[in-house]
Amino acid sequence: MLKISQLVKRYGNGAPVLKGLDLEVPGDSVVAIIGASGAGKSTLLRCINRLVEPSSGTIELNGLMLTDLKGAGLRAARRRIGMIFQGFNLVDRLTVMENVQSGRLGYLPTWRAVMRRYPKEDIRRAYELMERVGIAHYANKRADELSGGERQRVGVVRALMQEPEILLADEPTASLDPKTSEQIMELLRALSREFSLPVLINIHNVAEAKLYTDRIVGMRYGRIIFDAAPAALDQAAMDEIYAGVPAEERGEMGNVTPLRAKNA
Amino acid sequence: MSTTPAHTAKGLPDTWRRPPMIANPLLRYGLLLAVAVYIGWALWILPIDWARVSQGFARAARIFSGAFPPSFERSGLLISGFLESLKIAILATVGGVLLSIPIAFMAAKNLAPRPVYLVGRALIIIARSFHPVIVAIIFVKAVGFGPFAGVLTLIVYSIGFVAKMLAERIEEIDWGQVEAMRSVGAGYFPTLVYAVFPQIMPRQIGLSIYQLDSNLRASAVVGIVGAGGIGSTLANAFGRYDYDFALAITIVIVAVILLSEAVSGQIRKRIW
């Protein structure tokens, strides 16, 4: 259970990016966060694992107050939070196996990490997970030799290696082609069920959000203005969330109408 | 409107000129004129003793006639001088690069806290601000004539270049990889090893090879002020008016530098 209350983030002296935000994510639900660029989606995710320091408010994960932590305590807490990035953020020049094992860096003694002396159970777990997402045969390849979809799978496995209690995905499909993008969303949903993991996904593609998630949170200018099941996201709600943004920038518009026709 | 561009039928201009770098024409031409005047004046007051110059031609002719044909008679001295230069260059490169890595990390704005950054930058600026010949003179005074002074000099010289270039590379790294390591809860040192080293490694290797090449060249120069190696052999040959031996040394220096340039160029091309 992730519990965020009265979260405020401001950079410097400017207007706050997050304006007293409350959000609860129970159990293993897959939650999409949508909103125009600059609405604060990315900042929200990065406040949860403290890559961005919240200005005020509290964030609690399964009883642990994340906002109180610092130093070693914070690093230990970060092991429990997996993150998947838009640009994958793999270490290009390292092998797939090293990238996957880097998910264990929070647990490993430094010498083991530096010498690449990974424990047996970690290696077994890595092969299992890579097998699960279909990249086991790439273990010895350099990460930059893989295609976009394959690289994001490495990113997903790296996060799962942490044995996380929650997954944060920041635009995980924005750099992928439509087909691969759907495969990754499908994978995230399946993994959420398999590992009973709550997954929080920032996403621009509203059609995919509706298809693959259990709940949609709409953000606008640092506030949550919509929070309901995907079916409840109608045109009026969309207009509200994306108000002030020219319609043509909202590439998803074209997809939404036929999708609703399919559901009907 | 000072200039009216020629207009086409639709009323749009059909001439275009790149906006000048200095918009104010007075400042633009004023600066040009000032530079020209300064150069003219500097040349005018430069003391040139034409009688001395004409004597110089004769002396140069004497040196060159004395230098031909180059003499490889004392090739033993030549070879031992070169081996010493090579030794100086290799030791200085290893020492300089090993010291450059931590200094580069200190001097990288994105990784180091502000006070550490300032110390790192200061170290680099100090190492860069003196020409190796001046550093060599200081070290020769401090530790005496010979190759040790040369090694110390070139270590300082290597830090000035390698640490600066490496720090700039570190500042250009893809920060996403660092963010990913922080997000899994990795500590400071594992983050460096996993997210930073792999990104700077090719540059690091290329810089080290370049520096070895550069140190070999510089070792010939600092030898002239007494810091050992082939430069000392060359300075001695000049001092004893052995111009034919001096020419032989010069030819070998040029050949070795061309060779090392070619080899290091090939290696760097394969890494990048």
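Read the figures in this text as sums done on the coordinates, not as results from a lab. Predicted, not measured: the structure shown is a model, and the values here were computed from it. We place every Cβ from the backbone using ideal geometry, glycine too, and count neighbours over all the protein chains shown.
Some points to look at:
- With R₀ set to 51 Å, the beta-carbon distance separating B:ILE101 from A:SER56 gives a calculated FRET efficiency near 0.80.
- Most mobile listed residue (B:ILE45, B:ILE173, B:ILE253) in chain B, GNM with C-alpha springs under 10 Å: B:ILE45
- Of the DSSP H helices in chain A, those whose Cα atoms cover at least 15 Å axially and whose Kyte score averages -0.5 or more: A:148-161
- Rounded, prolate or oblate (a/c below 1.5 giving rounded, otherwise prolate when a/b exceeds b/c) for region A:1-140 by Cα gyration tensor: prolate
- Inter-site label distance for B:ARG28 and A:ALA72 at 7 Å from Cα along Cβ, in nm: 6.5 nm
- Residue list for region A:28-71, given a label point 7 angstrom along the Cα-to-Cβ vector of A:ARG215 and an amide N cut-off under 15 Å: A:28-34, A:60-62
- The spacing between region B:179-236 and region A:1-74, judged by their C-alpha centroids, is 43 Å.
- Exposure proxy shown here: for A:ARG79, A:ARG223, the number of other Cβ atoms within 10 Å sets the order, fewest to most, as A:ARG223, A:ARG79.
- Cα gyration tensor shape of region B:39-130, rounded if a/c is under 1.5, else prolate or oblate by comparing a/b with b/c: oblate
- Exceedance of the 30 Å cut-off in Cα-Cα distance is limited, within the set A:LYS3/A:LYS210; A:LYS41/A:LYS70; B:LYS87/B:LYS269; A:LYS179/B:LYS269; A:LYS3/A:LYS120; A:LYS70/B:LYS109, to A:LYS179/B:LYS269; A:LYS3/A:LYS120.
- Taking label points 7 Å from Cα along the Cα-to-Cβ direction, A:GLU128 and B:ILE90 give a separation of 5.1 nm.
- Other residues whose C-beta falls under 15 angstrom from the C-beta of B:LEU258 contribute a net charge of -1, scoring Lys and Arg +1 and Asp and Glu -1.
- In terms of surrounding Cβ atoms within a 10 Å radius of their Cβ, B:ILE90, A:ILE201 rank from fewest to most as B:ILE90, A:ILE201.
- Computed [θ] at 222 nm, helices only, for the protein assembly as shown once each DSSP H run of length n ≥ 4 contributes -39500 (n - 2.57): -17500 deg cm²/dmol
- Helix screen, chain B: DSSP H segments with Cα axial length of 18 Å or more and mean Kyte-Doolittle hydropathy at least 0.0 are B:25-45, B:50-67, B:75-106, B:114-129, B:197-224, B:243-271.
- For A:ILE48, B:ILE267, order by how many other beta-carbon atoms lie within 10 Å, fewest first: B:ILE267, A:ILE48
- Shape index of region A:89-163: Rg/Rh, with Rg the Cα radius of gyration and Rh the Kirkwood radius from the inverse mean 1/r over Cα pairs, equals 0.93.
- Using R0 = 30 Å, the C-beta based FRET efficiency linking A:SER175 and B:TRP16 works out to 0.20.
- Cα-Cα separations in region B:158-272 greater than 17 Å, expressed as whole percent: 67 percent
- Prolate/oblate/rounded label for the protein assembly as shown (Cα gyration tensor, a/c 1.5): prolate
- Taking the inverse of the mean 1/r over every pair of distinct Cα atoms in chain A gives a Kirkwood hydrodynamic radius of 19.2 Å.
- Fluctuation leader among B:MET181, B:MET165, B:MET201 - chain B, Gaussian network, Cα springs under 10 angstrom: B:MET181
- Largest GNM mean-square fluctuation across B:VAL222, B:VAL178, B:VAL133, computed for chain B with C-alpha springs under 10 Å, falls on B:VAL178.
- The C-alpha atoms of chain B occupy a region whose extents along the principal axes are 80, 63, 36 Å, arranged from largest to smallest.
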